[in-house]
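The values are calculated or read from the model by the stated rules, or taken from the named source; none is laboratory data. None of the values given here were measured: they were computed from a predicted structure. Heads up, the Cβs are rebuilt from the backbone with ideal geometry, glycines too, and the neighbour counts pull from every protein chain shown. Each accessible area value is taken on the protein alone, full model and side chains, heavy atoms only, with ligands, DNA and RNA left out. Shrake-Rupley method; radii C 1.70, N 1.55, O 1.52, S 1.80 Å.
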Amino acid sequence: MTTGTRVLVLNAGSSSVKYQLIDMLDGSRLASGLVERIGEPAGRLLHLPLTGEPRETVRRFADHDGALHAVAEELAADLMGLDSPELAAIGHRVVHGGLRFTRPTLITDAVVAEIRRLIPVAPLHNPANITGIEVARSIRPDLPQVAVFDTAFHATLPEHAARYAIDRKTADEHRVRRYGFHGTSHQYVSRATARLLGRDPAEVNVIVLHLGNGASASAVAGGVCVETSMGLTPLEGLVMGTRSGDVDPGLVFHLHRVGGLTIDQIDDLLNRRSGLLGLCGDNDMREVVRRATGGAARSASNEGGEERREGVDEDAKLAFDSYVHRIRRYLGGYYAVLGRVDAVAFTAGVGENSVEVRAAVCANLEELGISVDPDLNAVHSRQARVISPSYGRVTVAVVPTDEELEIAQQTFALVHEV
Ligand code: AMP
């Protein structure tokens, strides 16, 4: 067994690699960074050591192999290279674990082959995750490496929540079911919320609202996930930065048959040109709120038009209201699923930072025991905190997510089990 106390967390995307080197003794980040625009002429590596200045390299990183070797060199320059005896393991974020991987898994050739077999259900993500794993294994074949799956926490969804009401044979043949995503975040935040309440996660029912550029909700009963808003793919559920979330599936046939759009065009529309962006031309909630509340107004239906510095921007207001309305529908739905709700936790970029979204989501829900104290809600902090009044039956909280720490902890725990 390893005596090292550090875990390197790798999150390999299609053209990027994010990394964090975490000391498991205290959870501190010894270094972090990212390589972006891999394969393009001007790639960029930004390395952030714990102490000292950030270091930026702008050059071509031909592929993930080149990018990861460059990361290894940066870490080595800080005397924390991949050959360091302090390094206990590498933890890889893997988006799709299908039905096979419901727990963190020590990576072997067979595991890589199985993750590869899941590519048809995660064509956008799993190939890059596999590349990251393969390169890291080629650099340190002797080091334990662990895959932590975004879908794993949702493996406990009951069958009636996981199945779409379609022909079972067809569904099974194509592995069609609701898998859910952002699981590492939902797991971390639901536990951290129980901690904030000073209670055992096994006793607490939590609705987690992960509102980032991608967004999802989950209902967690006593530490076990029983519902989540993303499905077969991360397209289902809430209105997101650029994704539509729930639509009538008939919309796809309509746009194809009547609108003449190809399947690829519809895919692009729903994943990249919808959500907040599609409704108002901005996918950043800061900008949406600024426009919706009377900042500089620019109409999405008047692209490139003059900026009007007056009043409320109706497109942005519609985007904000649609975003909030969808969350409230899920909040109410998950209340019914859980029966008793102890806490609602807001997390990720929007959830952690947007006073306006939190206030709007929780408005007029006193009958459900949900309310927000305006002064507590207005506090800006990086700490987990309660924002509901003391008389609230349901605790409303802001709980910053930390997927990398969760991946590192699961990786470290597994390495010490074996
Ligand atoms: P994430 O995917 O968790 O990194 O979240 C990214 C999103 O968080 C951005 O697209 C913004 O819309 C949102 N965000 C970040 N900071 C703020 C803020 N101060 N207020 C509102 N939204 C924010």
Notebook entry, point to check: On the given criteria, is Asp65 part of a helix (DSSP H, G or I) and at pLDDT below 95?
Noted result: yes
Item checked: Residue satisfying all of: in region 330-372; surrounded by fewer than 17 Cβ atoms within 10 Å (Cβ to Cβ) and assigned to a loop (DSSP other than H, G, I, E, B); nearest to the ligand (Cβ to nearest atom) among these -> Ala363
Check: Just to be sure, is Ala89 in contact with a Lys or Arg (Cβ under 9 Å, 6 or more places away or on another chain), open to solvent by 10 Å² or more (accessible area, probe 1.4 Å), at pLDDT 95 or above and of a type outside the set (Phe, Trp, Tyr)?
Finding: no
Check: in contact with a Pro (Cβ under 8 Å, 6 or more places away or on another chain) and away from the ligand (no atom under 16 Å from the Cβ): does that describe Val226?
Finding: yes
Check: Of all residues in region 380-418, which are outside any helix (DSSP H, G or I), among the hydrophobic types (A, V, I, L, M, F, W, C) and either surrounded by 18 or more Cβ atoms within 10 Å (Cβ to Cβ) or modelled with pLDDT of 95 or more (or both)?
Finding: Ala384, Val386, Ile387, Val394, Val396, Ala397, Val398, Val399
Next item on the list: State all residues of region 215-233 that are in a strand (DSSP E or B), more than 13 Å from Pro158 (Cβ to Cβ) and not hydrophobic (A, V, I, L, M, F, W, C); if no residue qualifies, say none.
Entry: Ser216, Ser218
Checklist line | Pair list, Cβ under 6 Å, 6 or more apart: region 244-255 residue farther than 19 Å from Ser216 by Cα, other residue open to solvent by 40 Å² or more (accessible area, probe 1.4 Å) | finding: Leu255/Leu261
Checklist line | Conditions (1) touching a residue at least 60 places away in the same chain (Cβ under 8 Å); (2) open to solvent by less than 30 Å² (accessible area, probe 1.4 Å); (3) within 26 Å of the chain's Cα centre (by Cα): number failed by Leu82 | finding: (3)
Check: Of all residues in region 99-118, which are open to solvent by 50 Å² or more (accessible area, probe 1.4 Å) and assigned to a helix (DSSP H, G or I)?
Finding: Asp109, Ala110, Ala113, Arg116, Arg117
Next item on the list: Would you be able to say whether some residue in region 123-130 is open to solvent by 10 Å² or more (accessible area, probe 1.4 Å), free of Cβ contacts under 8 Å to residues at least 60 places away in the same chain and within 24 Å of Ser216 (Cα to Cα)?
Entry: yes
Note to self: Taking the condition of being in a strand (DSSP E or B) and surrounded by 13 or more Cβ atoms within 10 Å (Cβ to Cβ), how many residues in region 28-53 meet it?
What the structure shows: 15
Check: Which residue pairs have Cβ atoms closer than 6 Å, lie 6 or more positions apart in sequence or on different chains, and pair a first residue in region 261-285 that is closer than 14 Å to Asp313 by Cβ with a second residue that is open to solvent by less than 20 Å² (accessible area, probe 1.4 Å) and away from the ligand (no atom under 12 Å from the Cβ)?
Finding: Cys280/Ala316
Checklist line | Unmet criterion (only one of (1) open to solvent by less than 60 Å² (accessible area, probe 1.4 Å); (2) within 16 Å of the ligand (Cβ to nearest atom); (3) in contact (Cβ under 8 Å) with a residue 60 or more places away in the chain) for Thr293 | finding: (1)
Next item on the list: Would you check which residues across region 178-213 are crowded, with 21+ Cβ neighbours inside 10 Å and either part of a loop (DSSP other than H, G, I, E, B) or of a type in the set (Gly, Ala, Ser) (or both) and list them?
Entry: Tyr179, Gly180, Phe181, His182, Gly183, Ser185, Ser190, Ala192, Ala194, Val204
Check: Would you pick out the residues in region 123-141 that are assigned to a loop (DSSP other than H, G, I, E, B) and more than 19 Å from the chain's Cα centre (by Cα)?
Finding: Arg140, Pro141
